[in-house]
Amino acid sequence: MEDLICVKGTSQMGSGVFATKDIRKDEIIAEFRGPRIKIPDMTGIPDEVWSHFFNVGVDEYIIAREPGVRTNHSCDPNAGIARDVFLIAMRDIAKGEQVTFDYSVITADNWRLECKCGSPICRKVISNYVDLPEAVKKKYEKYTPDWIKALRK
Ligand SMILES: [Zn+2]
């Protein structure tokens with residue numbers, strides 16, 4: 001796969017990933033790669049390790065490498081997740097644009113984080129998938145991993 005993204009600093013969100021060329025809607029942008037582990041209990045995991053975790057199941061994670069792992073959250077993202085491990089464009093993305101996805105589409109536990117994505121439709125809090133408004137779930141439908149869509153409240 002060609003490198004469609006690179007890691008760069010942002011003014012608001014630490015580092016992030018940016019399109020290195022124009023990307024078409026539904027194009028696969030990157031794969032989250034790394035060792036797969038199962039962690040039934042997140043207690044005591046250092047932040048630096050934790051920030052590399054990418055959920056591929058309720059208690060299953062990839063310890064993801066750059067550049068994918070540097071993808072920031074947005075409540076109005078231009079990308080989503082396909083087949084569990086692929087970052088996929090939800091719309092056309094112009095070269096130089098920051099690529100983001102909504103972390104809620106891979107969040108199964110009770111993790112919550114205050115959101116400062118700055119989007120006009122910001123939910124103010126990033127939390128788990130089951131708590132997403134139905135309209136948002138619908139919007140992300142094609143760009144949400146099957147394992148998390150199967151979860152119920
Ligand atoms: Zn937000």
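The values are calculated or read from the model by the stated rules, or taken from the named source; none is laboratory data. Bear in mind the structure is a predicted one, so any value in this text is a computation, not a measurement. Positions of Cβ are backbone-derived with ideal geometry, glycine not excepted, and every protein chain shown enters the neighbour counts.
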Within segment 66-145, strands (runs of 3 or more DSSP E) holding 2 or more residues that are aliphatic (A, V, I, L, M) and out of contact with any Pro (no Cβ under 6 Å at 6 or more places or on another chain)
79-82, 86-89
Trp111 being away from the ligand (no atom under 14 Å from the Cβ), loosely packed, with under 15 Cβ neighbours inside 10 Å and in contact (Cβ under 8 Å) with a residue 12 or more places away in the chain
yes
Asn72 fails exactly one of (1) of a type outside the set (Val, Ile, Thr); (2) farther than 17 Å from Val7 by Cα; (3) within 11 Å of the ligand (Cβ to nearest atom), namely (2)
So, in segment 9-45, how many residues would count as being without any contact (Cβ under 8 Å) to a residue 40 or more places away in the chain and farther than 21 Å from Cys75 by Cβ?
12
Give me the residue from segment 116-153 that is within 11 Å of the ligand (Cβ to nearest atom) and basic (Lys, Arg) and, out of that set, nearest to His73 (Cα to Cα).
Lys116
Within 22 Å of Lys38 (Cα to Cα) and in contact (Cβ under 8 Å) with a residue 40 or more places away in the chain: is that true of Glu97 in this structure?
no
Which is modelled with pLDDT of 95 or more, over 13 Å from the mean Cα position of the chain (by Cα) and within 24 Å of Lys116 (Cα to Cα), of Phe101, Phe18?
Phe18
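Answer yes if at least one residue in segment 56-75 is among the hydroxyl-bearing types (Ser, Thr, Tyr), more than 20 Å from Ser127 (Cβ to Cβ) and in contact with a strand residue (DSSP E or B) (Cβ under 9 Å, 6 or more places away or on another chain), and no otherwise. Working first, answer last.
Here is the first cut: in segment 56-75, the residues among the hydroxyl-bearing types (Ser, Thr, Tyr) are 61, 71, 74.
From the residues that got through so far, the ones that are more than 20 Å from Ser127 (Cβ to Cβ) too are none.
No, segment 56-75 contains no residue that is among the hydroxyl-bearing types (Ser, Thr, Tyr), more than 20 Å from Ser127 (Cβ to Cβ) and in contact with a strand residue (DSSP E or B) (Cβ under 9 Å, 6 or more places away or on another chain).
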Could you list, in sequence order, all residues of segment 53-81 that are in contact with a Lys or Arg (Cβ under 9 Å, 6 or more places away or on another chain) and surrounded by fewer than 18 Cβ atoms within 10 Å (Cβ to Cβ)?
Gly57, Asp59, Glu60, Ile63, Arg65
Would you check if there is a residue in segment 76-89 being free of Cβ contacts under 8 Å to residues at least 40 places away in the same chain, under 26 Å from Thr10 (Cβ atoms) and within 16 Å of the ligand (Cβ to nearest atom)?
yes
Search segment 90-103 for residues being crowded, with 22+ Cβ neighbours inside 10 Å and farther than 16 Å from Lys137 by Cβ, and hand back the single one that is nearest to the ligand (Cβ to nearest atom).
Thr100
Going residue by residue through segment 133-142, is there one that turns out to be touching a strand residue (DSSP E or B) at 6+ places or on another chain (Cβ under 9 Å), buried (at least 19 other Cβ atoms within 10 Å of the Cβ), at pLDDT 95 or above and not hydrophobic (A, V, I, L, M, F, W, C)?
yes
Tell me the residue from Ile106, Ile5 that is closer than 21 Å to Pro145 by Cβ, within 16 Å of the ligand (Cβ to nearest atom) and at pLDDT 95 or above, please.
Ile106
